[in-house]
1. For residues in the stretch 81-103 being more than 17 Å from Arg13 (Cα to Cα) and without any contact (Cβ under 8 Å) to a residue 60 or more places away in the chain, which is farthest from the chain's Cα centre (by Cα)?
2. Every residue in the stretch 213-226 that is open to solvent by less than 10 Å² (accessible area, probe 1.4 Å) and either of a type in the set (A, V, I, L, M, F, W, C) or over 18 Å from Asn181 (Cα atoms) (or both), please.
3. If you take the residues in the stretch 199-212 that are in contact with a strand residue (DSSP E or B) (Cβ under 8 Å, 6 or more places away or on another chain) and open to solvent by 20 Å² or more (accessible area, probe 1.4 Å), which one is modelled with the lowest pLDDT?
4. Mind checking which residues of the stretch 66-105 are open to solvent by less than 10 Å² (accessible area, probe 1.4 Å) and on the phi > 0 side of the Ramachandran plot?
5. Tell me, which residue of the stretch 1-33 that is of a type in the set (Lys, Arg) and in contact (Cβ under 8 Å) with a residue 24 or more places away in the chain is least open to solvent (accessible area, probe 1.4 Å)?
6. Could you check Thr33 against (1) at pLDDT 95 or above; (2) farther than 27 Å from Asp125 by Cα and say which number it fails?
7. Restricting to the stretch 275-331, what's the tally of residues that are β-branched (Val, Ile, Thr) and modelled with pLDDT of 80 or more?
8. For residues that are assigned to a helix (DSSP H, G or I) and open to solvent by 30 Å² or more (accessible area, probe 1.4 Å), tally how many sit in the stretch 49-60.
Amino acid sequence: MATQKYDSFKDLRKGKYDWKVQARVMNLWRGYTKKGEPFKAFNLLLLDSKRCRIHAFVPGHVADLLEPSIEAGKIYLFKNFTVKEYKEEEKFRCILKDIQIIFSNETKISNLEENEVCIDKAGFDFYDLADLKELSTQTTYLTDVIGVIQDHDGLRLARFNNRLGQPQTQIKFTITDGKTNVNVTFWDQLAEHFDEAIREEDFETPLIIIIGCGRVTKWKEEVDVSNVGATSFYINYNHHCVSLLRTMLSENHIQKFKKSMVKKEPPRQITIQEIKELGYDDIEVEKINTCLCGPRDVPYPDKWYNLCIRATDDTAEIDIVLENVAGQKCYGKHAYEMLDKIHENVFPEGLKTIEGKEYTMKLAKKGNSYVAKDVSHVIDFENFTTENEDAQPRPIQESYGEGSTATYHLESMSENN
C-alpha cells in the first residue's frame, strides 16, 4: 500500500485549499481588546516534520468549533485551509514569512500520536544578541533569542499600578551569550508564569532561557526584549543550542557577569504635618503623601486641568495644585470630556467627584506651592518598587499575534528549514 503523501509548510502558496500537513502546536494565544477582553478568535504557531513553522489564524466564527480539538504541544493532521498574505499594517509576526494560514469551517483537525510522525517539540530561529538593535525600531517582526540568565537568585516580581491606575506585574533580568548582554522585561501573566517557574522547579544553574517570539524594543537607549501575546519561554530546554551554551560555560568561554546597580532608597509615606516641617531642600526630592482631596477652584478655559485642591489627613491640611496629568488620573478623563457643558459662574459638578476620596500623591515644591507630580489610589508601600517601571515600554495586545522570527545570524543556533 502506497504511503500517503503530506504537504509541508515550506511549500505553501496561494490558490490551493486542500492542504494536508502534519504539525505540532507550539503555542496558542489570543489578542485582547483595548478594554482587556480576549477576542474569540485565536492564533497558533505550528511546526511540521521538516522543521518549518507557520502562523495560523482561527477566526471567531469557527473558534468554538475548532478550539476543543486543539491542545498546545500535541501533534495533529491539519486539512483544508487557505493561504493568505499579511497586510502591510499587520505587525508582531512570529515568523519571517509574508503569508499565514487561515482556518475555516471546512478545516479538519485530527489528533496524531507521537509515534505516528517525528516532529520536534519546538523549533526556533535565533537572532544574535549583538544584532538585536536593528530590530528595536520596528514592530513588524518578533524574534527568538537564547541566553544565560544573570544572577537569577536576585530576581523578584514587582507589582504596581500603571499611569492609568491599573495593576500590573513585571520581572526584569539580563541575559548574555558570552559577547553581548541584553535586558529582558516580562509583563503581567508571562511575568507571573516565569516567576513561578524559577521558584518551583529545581533547575540546573546557571539558567539558560529561550525566548520565543519576543518583542525587541529600546529603553533608555538599551535594547530590551519584552513580550506580546505570542511570546513564550523555555528554561534549560532540551535543545542543542542550550547544550552548546552549557559547554561554553563549563569551558569558561562565558564569563560570570553581575550588573552593577545603584540601589535607591525606597519611598516613605509621610503625613501632611511632616511635609510642612520639611525644609526647602527636602521638598525638592519628591515625597509621597496619602490624603483626602477636594476641589476648590475651576480649571483654566483651555480645557487642561489646573485645580487647586485642599487635602487633609489626620495631622493637618495643605493646598495642592493638581495639574493636567494628575487630574486625568484622578478623574479618569481628559479635561475636555469633563468640561463640555461648562456654564459661566457655575462650578462643574463633575469635578466634585473626587471629594472625600483617598489618594496617594507624589509632591514637589514649585515656587510657594506644592504640585502633585503623580497620583494614584493608596499605594501598598511594602510592595512598592523604587524604579519607574511605568515609563518602560509595555506589551501591546493585538487582535493578530502573527509574528515572525528573524533571519539566520548564528549558524550553530538556527533551525534547519
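The values are calculated or read from the model by the stated rules, or taken from the named source; none is laboratory data. The shown structure was predicted, so the numbers you read here are calculated from the model rather than taken from an experiment. Every residue, glycine among them, receives a Cβ derived from its backbone with ideal geometry; neighbour counts consider all protein chains shown. Heads up: the accessible areas ignore ligands, DNA and RNA and are worked out on the full protein's heavy atoms, side chains in. Shrake-Rupley method; radii C 1.70, N 1.55, O 1.52, S 1.80 Å.
1. Just the residues of the stretch 81-103 that are more than 17 Å from Arg13 (Cα to Cα), to begin with: 88-94.
This time we only want the ones that are without any contact (Cβ under 8 Å) to a residue 60 or more places away in the chain, so: 88-89.
Details: Glu88: 23, Glu89: 20 Å.
Per the stated criteria, the residue is Glu88.
2. Once the filter is applied, which keeps residues that are open to solvent by less than 10 Å² (accessible area, probe 1.4 Å) and either of a type in the set (A, V, I, L, M, F, W, C) or over 18 Å from Asn181 (Cα atoms) (or both), the stretch 213-226 yields Cys213, Val216, Val225.
3. Glu201
4. Hit for the stretch 66-105 is Phe92, nothing else.
5. So in the stretch 1-33, the residues of a type in the set (Lys, Arg) come out as 5, 10, 13-14, 16, 20, 24, 30.
Those left that are additionally in contact (Cβ under 8 Å) with a residue 24 or more places away in the chain: 10, 13-14, 16, 20, 24, 30.
Working: Lys10: 109, Arg13: 133, Lys14: 120, Lys16: 56, Lys20: 57, Arg24: 3, Arg30: 59 Å².
Checked the stretch 1-33; the qualifying residue least open to solvent (accessible area, probe 1.4 Å) is Arg24.
6. (1)
7. Filtering the stretch 275-331 for residues β-branched (Val, Ile, Thr) gives 275, 283, 285, 288, 290, 298, 309, 312, 315, 318, 320-321, 325.
Remaining after also requiring modelled with pLDDT of 80 or more: 309, 312, 315, 318, 320-321.
Number satisfying all stated conditions: 6.
8. Just the residues of the stretch 49-60 that are assigned to a helix (DSSP H, G or I), to begin with: 60.
In the following step, the residues that additionally are open to solvent by 30 Å² or more (accessible area, probe 1.4 Å) were identified as none.
Of the residues in that region, 0 qualify.
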